[in-house]
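Notes to accompany the following structure.
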Amino acid sequence: MELYFPTEFGERLAYCSAAITALIGLFLMFAPGYTYRFLKLQVKEGRSEAYAEARSAGGFMVGLGLVAILLAQPMIYLALGAAFGVAAFGRILSLMSDRGSVFLSLLLLVVQAILAALPFLYGLGYI
């Protein structure tokens, strides 16, 4: 099995979204403390379960991103786009109902929307 880099522009955008997903997941898996500080989250002293949750979520992102890169199929790109789309919807719900950092949430909403749109538009055949 060879590592395939797409030749079509739309597929390259979807591929980049998958690669960014895998990189974010790696960072989340191996540096959950830095990730929590960036997201302005605090772990309770003596409770390491939060780190386990971050590493698990990071592993999920790495797995989904790598599968999309390795298989390079439109349906898998659709799954990646749908996952980020639902995550963006969750962020919108959080903006409407929670009292958190609005600037950071809006920034992450834009990132999630872009990471959702690129593979989703390719998978549906628009780009």
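The values are calculated or read from the model by the stated rules, or taken from the named source; none is laboratory data. Being a predicted model, the structure only gives us computed values, none of them experimental. Cβ atoms come from the backbone with ideal geometry, glycine included; neighbour counts cover every protein chain shown. Surface areas here come from the heavy atoms of the whole protein model, side chains and all, with no ligands, DNA or RNA. Shrake-Rupley method; radii C 1.70, N 1.55, O 1.52, S 1.80 Å.
Here G90, G125, G100 are screened, and the one residue that is at pLDDT below 95, more than 18 Å from K40 (Cβ to Cβ) and among the small types (G, A, S) is G125. For segment 8-37, the set of residues classified as of a type in the set (F, W, Y) and closer than 15 Å to M61 by Cβ consists of F27, F30, listed by residue number. Screening the candidates A68, A72 for the property of being in contact (Cβ under 8 Å) with a residue 12 or more places away in the chain, open to solvent by less than 80 Å² (accessible area, probe 1.4 Å) and within 15 Å of the chain's Cα centre (by Cα) yields one hit, A68.
For segment 14-65, residues that are more than 24 Å from D98 (Cα to Cα), hydroxyl-bearing (S, T, Y) and either open to solvent by less than 40 Å² (accessible area, probe 1.4 Å) or touching a Pro at 6+ places or on another chain (Cβ under 8 Å) (or both) total 3. Among the conditions (1) under 24 Å from E8 (Cβ atoms); (2) in a helix (DSSP H, G or I); (3) of a type outside the set (S, T, N, Q); (4) open to solvent by 50 Å² or more (accessible area, probe 1.4 Å), F89 misses just one, which is (1).
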